[in-house]
1. Which of the helices (runs of 4 or more DSSP H) found entirely inside segment 396-484 contain at least 3 residues meeting this: basic (K, R)?
2. Given (1) surrounded by 16 or more Cβ atoms within 10 Å (Cβ to Cβ); (2) closer than 26 Å to L400 by Cβ, identify the lone condition not met by A357.
3. Which of the numbered conditions does G198 fail, given that it passes all the others? Conditions: (1) outside any helix (DSSP H, G or I); (2) modelled with pLDDT under 80.
4. If W68 meets every condition in (1) surrounded by fewer than 21 Cβ atoms within 10 Å (Cβ to Cβ); (2) within 30 Å of I289 (Cα to Cα); (3) in contact with a Lys or Arg (Cβ under 9 Å, 6 or more places away or on another chain) apart from one, which number is that one?
5. I'd like the residue in segment 444-499 that is surrounded by 17 or more Cβ atoms within 10 Å (Cβ to Cβ) and among the basic types (K, R) and, out of all such residues, is farthest from G110 (Cα to Cα).
6. For segment 340-370, which positions are among the β-branched types (V, I, T) and either in contact with a Lys or Arg (Cβ under 9 Å, 6 or more places away or on another chain) or not in a loop (DSSP other than H, G, I, E, B) (or both)?
7. Are there any pairs, at least 6 apart or on different chains, whose C-beta atoms fall under 6 Å, with the first in segment 475-504 and of a type in the set (G, A, S) and the second at pLDDT below 90 and surrounded by 15 or more Cβ atoms within 10 Å (Cβ to Cβ), and if so, which?
Amino acid sequence: MVNIPQALKRLVIGRAMRSEELGETLLPKRLALPIFASDPLSSVAYATQEILLVLTIGGTAFLYLTPWIGLAVVVLMAVVVMSYRQVVYAYPSGGGSYEVVSSNLGANAGLVVAASLLVDYVMTVAVSVASGVDNIISAFNGLADYRVLMAVIFIALLAAVNLRGVRESGNAFAAPTYLFIAGIVLMVVTGFVKMAFGHSPVASSAQYPITPEDHKNTLTGFALLMLALRAFASGCTALTGVEAISNGVPAFRKPKSRNAAQTMSVMGITAVVMFSGITILALTSKIHITADGCQLVGFPDCSTAPQQTVIAQLAAAIFGGDHSLLFYYIQAVTALVLILAANTAFNGFPLLASILAQHRYLPRQLHTRGDRLAYSNGILALALVNVALMVAYKADVTSLIHLYILGVFTSFTLSQIGMVRHWNALLRVEEDPRVRGAAKRSRVINSFGAVTTGLVLVIVLATKFTQGAWLAVVAAIFLFVNMKAIRRHYDAVSDELEVEDPSGERARPARVHGVVLVSKLHKATLRALGYAEALRPDTLEAVTVSVDRGEATQLERTWSEYEIDVPLKVLDSPFREITRPVVAYVRALRKDAPRDAVAVFIPEYVVGHWWEQPLHNQSALWLKSRLLFMPGVMVISVPWQLASSKLAGGPSRRAPGSVRRGEPVGRQQPRPPAVR
C-alpha cells in the first residue's frame, strides 16, 4: 500500500539526497545573488517610504530633509558592504558576524551577535512578507480583509520551497529577483527621462495636503534633530540582510571568498542605484504618504481605505495610471520579490542556528540536514515563529518595522570592532610589507564601519525603543540566556559522561535479574518470555499486577496449565494501580541487591495507524517513563506486530536499517519459551 505521508513529503520536498551530493548544491554567483541578497535588494521598495512616513509627521515642512537622509543611508550602505567584503575573505568558513565576534571579542559577545541576528532574521521574514502583502493590496484593495491569511500562506510556501534545498530555492527565486531589478531600473530611467524632457511625473497623492500631528511642523533644535534621526533609523531598513552573504560563504562555488565578495559588491551597487532613484523620484513627484491616512486632507475613506505604497504611486505616475500594464508589472514583481526577500532569512537563520547547535548553544537537531541537505528543522522553526507573529501583529508593516534592524546593527557594530582586533593581531606577527599594507587598509575600513554602525545603533535604540523595539531587545536577551543555559546543560552532560576509569566503567553487574511484565497470557507475552530467556539473565521471573482478583487467578491457572517454567509473581493492587506496584517491586529488588542489574521486559503492540496508538501500550508508556529514572534498571521493549502494521507497510516494506519505535535493533527471532 502507498504510504500517504511519505508520498506527500516527496511531492513537497522531492527525493531524498545522499550526503555525497552536497557538492551539487553549491551556488554560482547568478543564483547566490537572489538567494542571499534578495532582502537588501527588495528593501529599497519600502526604505524610502519609511523615511517619508516619519518626516510627514510634521506635514510637508520637513520633506526637504529626505535627500540628506537618503544620502546618509547610501554612505552607510557603502561602508557596510566594504566592511563585510573584508569578513568574507578573513573568515570564509561561514558564520559571518558571529564567527568574527566570537573569535576576537569572546564567546559572550559572539552570543550577543547571534541572538541579535536570530531575532533580526525572524523580523526579516515578517516585514518582507507583510510588505509584499501590502503591495498586493495596493493593486487589489478588496484583498485587505485577507491580509493575515495571505501572509501565512506565503510563509508556508517559502518554507516548502526552502525544504527542497538551497539550489532549488535559488532556481525558483532567481527570475523574480532579476525581474524586480529590471522593473525598478526601467521605472527609474523612465522617470528621469521624463524629468529631462520637462514632464516630471506627479503622484496621485500630491493633491492631498498633509495635516501635521499636533503642530509638529514647528519643531526646532533637539526635537528636529530627533525627528531626522528617527527618519534615518527607519531608512536604514535598506541595510537589513547585508550580512547574509558572509554567513553563507560555504554555499558558494570555489573560489568561495572571491565569489562571495563579488556578489556582495553587485548587491551593494544595485541596491544603492535603486534606492537613490526611488528617493529622488518620490520627492520630485510629490508623493504624500502618512502613518495615519486621515492626515491627508481630502483623502476619501481615510479611516478605512489603504494608501498606495510609494512604489505603487511612482509606477502609476510614471507609466500612465494605476491601470497600465507596467503598473501591474511593477506591483507584481515588487510584491513577489518582497515576499521572496524572506528567503534571505530562510537561508541565513538555519545556517546560523546550525553553527550555534554545533557549538552546543542550540539543540543539536538544528545542526542536522534534512532529506534535501537543507537544515530542515531551522527552516520549520523560523516558519512557525513567523506565523505566530503574523497572527499577533495582523501582518501590519508599521507595527512590525519597529522590531526591525536593531539586531542587524548590533551585529554590524560588534563585527567591525572584531575585525579591527583581527587586523591588529595580524599586524603584530606579519612581516610581509604587502600583507601589512593590505591589513592596514582593511583596518581603516573596518574602523570607520565600527564608528558609523555604532552611531546608527545608538540612534535606532534612542528613536525606536519606546515604539516597540524593546520587544526585540527582550527577545534577544531571552535567546542569549537560553543559549547559555543550553551550553551549560550540554557541558554538564559531557562532563558527566566523560570516561575516567575505563575498566571501572565497564564493570559488569554482579547478576542480572530479568522481569517480564505480564497482563495476559497471549502471543506477545510468550514472545517476551522467549526473548528474555534468550538473553539468559541470572534469574528470570514473570510479574503481573492483580487489579481484578478473578483475572489474576485465571492467569495463574492458565500459567500452570501451560507448564511454563518461569515463575509468575502476582503483585496485589488494592487501589487498582498498575505502575506503582511494579515500580515499588523493582525498587525493592535494587535495594536488596544494589550491585545487581534489573532487566524489565515489556511486551508492546506495533500498530499501523496513528489512531490505534492511543488504544494500546499506554500502561507500558507510563511504566517506562517511571522505570527509566531508576539507576541500574534496563527497560526492554519486545514488539508484537499486529496485522494493521503489516498492511500499513510494516517490516517487509521498511527501508533497510530502519527501526520502528519500540522495536529492538536487529529484530532477531527469539527462542520460543519453554512450554511443557
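1. 433-464
2. (2)
3. (2)
4. (3)
5. In this case the residue turns out to be K464.
6. T344, I355
7. Every condition considered, the pairs that remain are A475/V119; A476/S116; A476/V119.
Yes/no matrix, rows are residues, columns are (1) more than 24 Å from S83 (Cβ to Cβ); (2) at pLDDT below 90; (3) part of a helix (DSSP H, G or I):
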residue: G235; (1), (2), (3): no, yes, yes
residue: V242; (1), (2), (3): no, yes, no
residue: A261; (1), (2), (3): no, yes, yes
residue: M264; (1), (2), (3): no, yes, yes
residue: S276; (1), (2), (3): no, no, yes
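The values are calculated or read from the model by the stated rules, or taken from the named source; none is laboratory data. What you see is a predicted model; the values in this text were computed from it and never measured. Please note: Cβ atoms are built from the backbone with ideal geometry, for glycine as well, and neighbour counts cover all protein chains shown.
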